[in-house]
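Everything on this sheet refers to the single structure shown next.
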Amino acid sequence: MGGGYHTHRQIGRVTGRLNDWEFMADIRHPRGANAAPSQQALGTPHAPEEGDGVDTSPKIGDRIVKSTCYMCACRCGIDVHVRDGKIRYINGNKDHPVNRGVLCGKGSAGIMTQYSPARLKKPLLRTGERGSGEFREIEWDEALEIAADRLRHIRATDPKRLAFFTGRDQSQSLTGWWATQFGTPNFAAHGGFCSVNMAAGGLYTLGSAFWEFGETDWDNTKYFMLFGVAEDHDSNPIKIGIGKLKARGAKVVSINPCRTGYNAIADDWIGIRPGTDGLFVLAIVHELLKAGKVDLDYLARYTNAPALVIHAPGSAEHGLFARNGVGDILAWDRGQGRPLAADDPALQPALTGSFTVDGKVCVPSFQLLAQRYLDERYAPDSVAERCGIAADTIRRVAAELAHVAFEEEIELPVAWTDWRGVRHETMKGRPVAMHAMRGISAHSNGFHTCRAIHLLQVLLGSVEVPGGFRFRPPYPKPVPPPNKPHGKDGGRPDTPLDGSPLGFVTDPEDLMVDADGTPIRIDKAFSWEAPFAAHGQMHRVIRNAWAGDPYPIDTLFLYMANMAWNSSMDTEKTIAMLTDKDEDGTYKIPFILYSDAYNSETVAYADLVLPDTTYLGRHDCISLLDRPISHADGPGDAIRQPVIPPDRDVRPFQTVLIDLGARIGLPGFVEEDGSPKYRDYADYIVRHERKPGIGPLAGFRGERGESFGRGAPNPDQLERYIANGGFWHHRLDADQRYYKMANRSYLNFATDMGFLDAPEPIFFQLYSEPLQRFRLAAQGHGAIAVPEAERERVEDYFDPLPIWYPPLDEAAVNGETYPLHALTQRPMHMYHSWGGQNAWLRQITNQNHLFVHRETAHAAGLTDDDWVWIESAHGRVKGQIRLMDGVNPHTVWTWNAIGKRRGAWGLKPGAEESNKGFLLNHAIGDQLPPDARGKRYSNSDPVTGQAAWFDVRVRLVKCTADEAGETAPLLPPVPLPPGFSPSPDKLSFGAEFADKGKTK
Amino acid sequence: MTCIPVKTDRKLGLAIDLDTCVGCHACVTSCKEWNTGAHSAPLTDLLPYDADPDGVFFNRVHTYEQDTPDGGRTVNFPRSCLHCEQPACVTVCPTGASYKRTSDGIVLVDQDKCIGCKLCSWACPYGAREFDVDVGVMKKCTLCVDRIYNENLPEEDRVPACVAACPTGARHFGDFGDPDSAISKLSAERGGVELMPELGYKPVNRYLPPRERKNHPVNTAAKPLEAVKAEGGFLGWVDRILSGKD
């Protein structure tokens, strides 16, 4: 779409506050999030005459480079002050829609990550045994030729023998496309062990998700519920938002076993038992239904509540939607007394009743939903004990939600037109918002629990309305998004896949299995074990590749994924698989290609190491084609640019990947004459087009940068981004800001932008037909047979309405033997941060303790600083405990990924991280205990394949005096790579800046 | 013995909102990164990659659990120099290195005069002083004296680094000497407290206490839910609503 920005129309204000949307338009107002009168400069023109010789106006830098942070996945805008070629200071970019000037503890410590002694220096080729850490430095040409030779051969013979998996990658639209062009179905990023339950739970229900596809309407919400969030996506927007809620007295309710961080400042902390959130939420649903506190108008307009479900038990159609001859889903029209297409603009739907359509008995899906949750097994009294929450508390929360949603409704004086063409004079809102992340996601019942939360939000009419939970463009998408996984034939020699290997399964036909039901992918994503594994299952790759199950691979290509340490379950066994050999002496995983900027634990297990730059040393794009950083008030994207050139022989991974693509002749990476198509990643960012006119960056497109969304590549695009502060943001019109799923103006805009294929309404799928299709298949219906062994499991877990079941690993072990839940939380100052080796951050936390409820500890005869064995059915690890009150008494927890292996990350052998800190992963099984048939399933959600980190149950055994004092298992140290010197014993960073500035 | 001004022109300081602080440590590292290259540079880190790393930080966050009549509470508590009106750390200084500025009340250390005797750190009951072992001098929060007047910064950025960075907006800055200043009003409105007033050092900084939680309006306004009445239960109610009969 061409043209400039739409005209700004003034809207009335409900609260009189300057909200984000207005902020973005109003340049007269003080910029940034911290712009309260009590947060502003003194306004004095000059420093007072104190006469103490203090230089109150020292020079800061020679230049400011505007780029994007990478200290976590939040991707805030940063101003990097550079002085004499060194980084002096990093602060938040006040104009940036993500962080509006603030910066968290990680981002503010970026200097120490930039100058970390753990930075790799040069490509490394393994010389000793794998894991020995013995390497020799080689030149880039040699390294790239070794890699290219190997990849060329794999591609020419059997491309699926390349497994390409990336960790905290922020360039998945490039890496995924590369894998597609290579022709391997074995690609994913780390979402399968991170938060796919949240992404899939949302995308299969709302067409958007908590994760980073949606956000709370911080300016308008009055009641905010936070489920299972310590420090998760996304970092600063949530903090800014919570600050806003606090400033105006909105109520914050946290549901979390641990009372730390955000939960510490909640008005109401509900210390739930882990893995029972779904039950708690469905009990609230029960209460709301019973009291008639649901928004029927909203349900009728924006959801599939009216859709007619065929009631024909035992038939192949049972539980599917009734459709007319052209495939439209039907609903019953109350006025006309006959079925109409559910999206007929004239429909006056019935939400209850039983109707006969074409001789089939049908009921509106809402009736099934209501009957399900009105059942007494969802009553607060039925779930209270299991959840560890008093029934009265559940009833109170339900009453408060109903009160705020229906008695404190808000209305923005903004007219808008829905997809039917009906004009609404105002935007009504039910100011209840929710956010949920890891504490929901990391359980094997997380997909259904996430759907249960979305169900609750939708029943209250609080999704994509003022005061509620909002979508960030390019979301919402159709439910689920239309792209399917590709590569079902396993890939063919020298041939690209006909689409991305990742996507959204809606029918057994979409699965990546062969005729016998055998998985096509090495991680078994989209197999019967994990049909909706939209992000792949990175946590299964090493075991499967080691076992040759379903087939052996040749090369495991990993980027920025610490799979030999904190990113794997059962770390010791994983390491053993990486080093295990066949009888002929060759490694079971023949070749491991690894790229990282730092000497992580995984480096020692690579055969070839391609050293990456830091985030301040390269170009990047934060793309709408990837994981966007949009705001609910409009789409946006951003770039990184090299702030200072690398002082070592390292290259940006994305540029290396493009180089490799050209060397092996991947379509799209070479010109017709075989020469490289792109000079480097920056060149790709500007010139690559995924569809005509649509490229990695949406801003400043067209030959002169005159358009956005669609437009010809603009050779000056990066310069335009730089001139604009490193980002691009489009502010939606006032009438496009809410009800995006049904808002004609927004849907047209989204279609123009390429977010949607057509401006059609998006109906929330409370009742999920794709789930029912799998259940029917498990019952023996349809063309695709579910393998006998998988039938019961598929039938159980593919319920079209949200269900709750005990987390699988928890249910499989004896609760008396292992009485405690064990969780990890990310410390806010390290969440997602690539390396707790940061000299400043590790001074905040360098030993993780196991936190135990005071009474639980006393009952077990334990006290502060005792050393204990943390034992699960899978393994054990030793750590030191701390007592606290603010934790569910049946739960112990620790900080994630503080424990490090000796020798890694530039830390000295005696560092606390490696000797006292511990990695809970040693006690988390990557497989469930054997079932009755002896089969061991992955420790994952049975729907999405999400790694179930939080299902583990443990017992604590006090260490003997001999055992106390250091962690176990204590793996042998890895030596420093060649060219590394021991890290310094003193840092005087910054002295060089001050000496020059003194004016005494 | 060093004298303190009888009166300062301003009383610059911070107000820190304990109701809002989530303990993220943004203020800790933004302070560190600014100050390690600023007036007191460097903020040396000893053994930065080894056991017992020990660096100079002007601002640290502690987390406490507290029992209250409403139940337990977790409080995140950022701690830095309070720029006292009667700073014992200054009066005990034998060399005049520690001093309180007359213009704005900021308590500073002149590193050239500091002999590293540490009397000031013994005198400060708030633990705000940070001894740089490597340099042998005492250092402390400067209230970003080289930011708040810095003409190389745009005026809007002339606030302490911790205030600029704080993602929840829990930190405020201004002149407590002016009762009409925004920070004075905020502190008055929120019942800002000084730490350990009984000691008589008259700290300038204020902490805004966690708000009372039990009387939150939403809690009291919400009536218990009652089941829908009459025939048909919930489904009957739905029908009546949709047909406009209820």
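Read the figures in this text as sums done on the coordinates, not as results from a lab. All values derive from a computational prediction rather than experimental measurement. Cβ atoms come from the backbone with ideal geometry, glycine included; neighbour counts cover every protein chain shown.
Miscellaneous remarks
- Amide H to amide H, with H built 1.01 Å from N, B:Asp178 comes under 5 Å of B:Lys11, counting only residues 5 or more places away or on other chains.
- Calculated diffusion of the range A:329-481, Stokes-Einstein form, Kirkwood radius summed over Cα pairs, 25 °C and 0.890 mPa s, µm²/s: 133
- Scaled against the 2.2 N^0.38 Å expected of a compact globular protein of N residues, the Cα radius of gyration of the range A:554-640 reads 1.45.
- Per principal axis, descending, Cα span of the range A:838-942 in whole Å: 50, 36, 21
- Calculated translational diffusion coefficient of chain A (10 °C, 1.306 mPa s; Stokes-Einstein with Kirkwood radius over alpha-carbon pairs) equals 54 µm²/s.
- Length gained on full extension, B:Glu226 to B:Arg240, computed as 0.36 nm times the residue gap minus the Cα-Cα distance: 3.3 nm.
- Order of A:Arg248, A:Arg775 under a 10 Å beta carbon neighbour criterion, fewest first: A:Arg248, A:Arg775
- Beta bridges per DSSP, both residues in the range B:12-208: antiparallel share near 90 percent.
- Using just its DSSP H runs of length 4 or more, each adding -39500 (n - 2.57), chain A gives a mean residue ellipticity at 222 nm of -6500 deg cm²/dmol after division by all residues.
- Pairs of Cα atoms nearer than 8 Å and 6+ residues apart set the relative contact order; for the range B:12-208 it is 29 percent.
- Averaging the sequence gap over all C-alpha pairs within less than 8 Å and six or more residues apart, then dividing by the number of residues, gives chain A a relative contact order of 18 percent.
- Calculated from backbone phi, Karplus (6.51, -1.76, 1.60) coupling profile of the range A:261-270 in Hz, x at Gly/Pro: x, 4, 5, 5, 9, 5, 5, 9, 9, 10
- Phi-based couplings in Hz for the range B:50-67 (Karplus 6.51, -1.76, 1.60; Gly and Pro marked x): 10, 5, 6, x, 9, x, 8, 10, 7, 9, 9, 10, 10, 10, 10, 10, 9, 8
- Exposure proxy ranking, count of Cβ atoms within 10 Å, fewest first, for A:Met512, A:Met560: A:Met560, A:Met512
- Separation of the A:Thr44 and A:Ala968 label points, Cα + 7 Å toward Cβ, nm: 6.2
- Rg to Rh, two decimals, where the range B:12-208 supplies the alpha carbon set and Rh follows Kirkwood: 0.95
- Sorted by Cβ neighbour density within 10 Å, fewest at the top, the residues B:Phe131, A:Phe532: B:Phe131, A:Phe532
- Reciprocal of mean inverse Cα separation for the range A:87-134 (Kirkwood radius, Å): 13.8
- Per-pair calculated FRET efficiency, R0 = 35 Å: A:Ala961 and A:Asp580 via Cβ, rounded to 0.05: 0.45
- A:Ala515-A:Arg420 FRET efficiency (beta carbon distance; Förster radius 56 Å; 0.05 resolution): 0.80
- In range of the label at A:Arg933: residues from the range A:522-536 whose backbone nitrogen is under 15 Å from the point 7 Å along Cα→Cβ: A:528-530
- For A:Asn714, the residues 5 or more places off, or on other chains, whose built amide H falls under 5 Å of its own are A:Gly702.
- Fraction of the pair-distance distribution of the range A:673-739 above 18 Å, Cα-Cα pairs, percent: 42
- Contact order for the range A:839-979, expressed relative to its length and based on alpha carbon pairs under 8 Å spaced 6+ residues apart, stands at 31 percent.
- Built amide H within the under 5 Å cut-off of A:Ser938, gap 5+: A:Leu928
- Karplus-based coupling profile of the range A:786-792, in residue order and whole Hz: 7, x, 3, 5, 9, 4, 5, with θ = phi - 60° in 6.51 cos²θ - 1.76 cosθ + 1.60 and x standing for Gly or Pro.
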